[in-house]
1. Quick check: convex hull over the Cα atoms of segment 153-225, volume per residue in Å³, rounded to an integer?
2. Let's test the formula: R0 of 51 Å, r as the Cβ-Cβ distance of residue 193 and residue 65. What FRET efficiency results, to the nearest 0.05?
3. Using the Karplus curve 6.51 cos²θ - 1.76 cosθ + 1.60 with θ = phi - 60°, work out ³J(HN,Hα) for each residue of segment 74-84 in order, rounded to whole Hz, and write x for Gly and Pro.
4. Go through 150-156, 91-97, 168-174 and give me the packing order, highest mean Cβ count within 10 Å leading.
5. What is the calculated FRET efficiency for residue 123 to residue 178, with r their C-beta to C-beta distance and R₀ = 35 Å, to the nearest 0.05?
6. Per residue of segment 234-246, what does 6.51 cos²θ - 1.76 cosθ + 1.60 with θ = phi - 60° give for ³J(HN,Hα)? Whole Hz please, x for Gly and Pro, Karplus curve as stated.
7. Arrange 148, 86 by Cβ neighbour counts within 10 Å, fewest through most, would you?
8. Could you give me the ³J(HN,Hα) list for segment 92-103, computed from phi with Karplus coefficients 6.51, -1.76, 1.60 and θ = phi - 60°, whole Hz, x at Gly and Pro?
Amino acid sequence: MYKFCLICVSGLILAGCAATKSKYPTIFMGSKKTDLNIEQFLYHTIVDGTDEEKTAAYLEKKFGKPTVIHQFTRFSRPSLVYDWRIAGCQIMVELDPKTKTIQEHKARKYIEPGLSYYNNCSLKVTVKSPERTVLVSTYPDYAGRLSIRSAYYGDHWVAWIGKKSDKLIKDWGVPTSTAKLDGGNTVFQYSSSSYDDFIGKTYNCTKKFLIKNGVIEKFSYSGCREKHEGYNSPYGTDVPGLNQPL
């Protein structure tokens, strides 16, 4: 009986000691260069980062210029999200629209480490910074907390803005029709039809691109059968170009 009680007490003591440790395994990182995975980098930057590391400029040094910059209003406040799409990997970080620095939502404690998102990333990020602890490995609780919505065609096609129209023709083929506008601009239109046997519906898809000086300036589309695949977008953002006039 004495041994049994001792084991129980020891178990309680051990459980109590374990409870005082960090919920997630961490390692101590000194001032030397360290390679971090994306999850570690986001946690390291958002939670423990220096003022410089919390800026858009610092993130651009690591990932380059964002593929898409989302500007919208959510929960009655303006929001700015930088969106990097690198070889199938997607990284999104919310920034303060005025200061372009990472903003933590102190009033919303359940969001940890802050508003960010990543998916399908095997990238390594090399950092050199003050001493701190970082996560040892991947834990879903630190995947961000940025609410997302499924991708639409417009979310992918927005990447065409700023590209040369010759590239569009090379990838998509010759437009179904073209139109010259006053001022010298041109509209490329691609039209196609498809039938969905399951719901018995015909989709008449129209895609238009406004070309100015050989560069795509704007686009719109309607009637297309959407395929919600690939990169996601922040929840609350409009779908670029969907049912919008040129």
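Read-outs: derived from the displayed coordinates by stated rules, not from any lab. Predicted, not measured: the structure shown is a model, and the values here were computed from it. Heads up, the Cβs are rebuilt from the backbone with ideal geometry, glycines too, and the neighbour counts pull from every protein chain shown.
1. Numbers: hull volume 6.7 nm³, N = 73.
It is 91 Å³ per residue.
2. Working: r = 37 Å, r/R0 = 0.73.
Given R0 = 51 Å and the Cβ-Cβ separation, E is 0.85.
3. Karplus values, whole Hz, x for Gly and Pro: 9, 6, 6, 9, x, 9, 10, 10, 8, 10, 9.
4. Numbers: 150-156: 19.4, 91-97: 21.3, 168-174: 11.4.
For the peptides 150-156, 91-97, 168-174, the packing ranking is 91-97, 150-156, 168-174.
5. Values: r = 40 Å, r/R0 = 1.15.
It comes out at approximately 0.30.
6. So the Karplus estimates, Gly and Pro as x, are x, 5, x, 7, 6, 7, x, x, 5, 6, 10, x, 6 Hz.
7. On the way: 148 18, 86 13.
The fewest-first ordering by Cβ neighbours comes to 86, 148.
8. 10, 9, 8, 10, 5, x, 7, 9, 6, 10, 4, 10
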